[in-house]
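One structure is given below, encoded as structure tokens.
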Amino acid sequence: MKKNPWKKVVFATDLPACEWCGEPYCSKHKKHYADCSCLGPTQDGAQYKTVRGTLYGRKISSKK
Ligand SMILES: [Zn+2]
Ligand SMILES: [Zn+2]
């Protein structure tokens, strides 16, 4: 069984606004937040946990 690592969840409010359209922009992936692969707080098929006030999440692959 493959384990997915926990990743820090990226909130749209953590990201700067795109200077062209005002949408949250991810500079890490150079994409708009809606299009990048960062894990958001309300993703389908993801599992979440909070560690010291920081939200972490991971994708759960086993979905039937
Ligand atoms: Zn934009
Ligand atoms: Zn991203």
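The residues of the range 16-33 that are surrounded by 10 or more Cβ atoms within 10 Å (Cβ to Cβ) and either in contact with a Lys or Arg (Cβ under 9 Å, 6 or more places away or on another chain) or on the phi > 0 side of the Ramachandran plot (or both) amount to a single one, Tyr25. Taken over the range 41-64, the residue count meeting the criterion of being of a type outside the set (A, V, I, L, M, F, W, C) and touching a strand residue (DSSP E or B) at 6+ places or on another chain (Cβ under 8 Å) is 12. Scanning the range 1-48 for residues that are among the small types (Gly, Ala, Ser) and under 21 Å from Lys59 (Cα atoms) yields Ala12, Ala34, Ser37, Gly40, Gly45, Ala46.
In the set Asp44, Asp35, only one residue is away from ligand 2 (no atom under 15 Å from the Cβ), part of a loop (DSSP other than H, G, I, E, B) and out of contact with any Pro (no Cβ under 8 Å at 6 or more places or on another chain); that residue is Asp44.
Taking the range 1-26 as the range and being free of Cβ contacts under 8 Å to residues at least 12 places away in the same chain, within 14 Å of ligand 2 (Cβ to nearest atom) and in a loop (DSSP other than H, G, I, E, B) as the test, the residues that pass are Pro16, Glu23. Filtering the range 1-13 for residues that are over 13 Å from the mean Cα position of the chain (by Cα) and surrounded by 10 or more Cβ atoms within 10 Å (Cβ to Cβ) leaves a non-empty set. Does Cys36 satisfy the criteria of being within 16 Å of ligand 1 (Cβ to nearest atom) and surrounded by fewer than 10 Cβ atoms within 10 Å (Cβ to Cβ)? In short, no.
A short reminder: the numbers here are calculations on the coordinates, not readings from a lab. A quick note: this is a predicted structure, and the numbers were derived from the prediction, not measured. With ideal geometry, Cβ positions are generated from the backbone for all residues, glycine too; neighbour counts draw on all protein chains shown.
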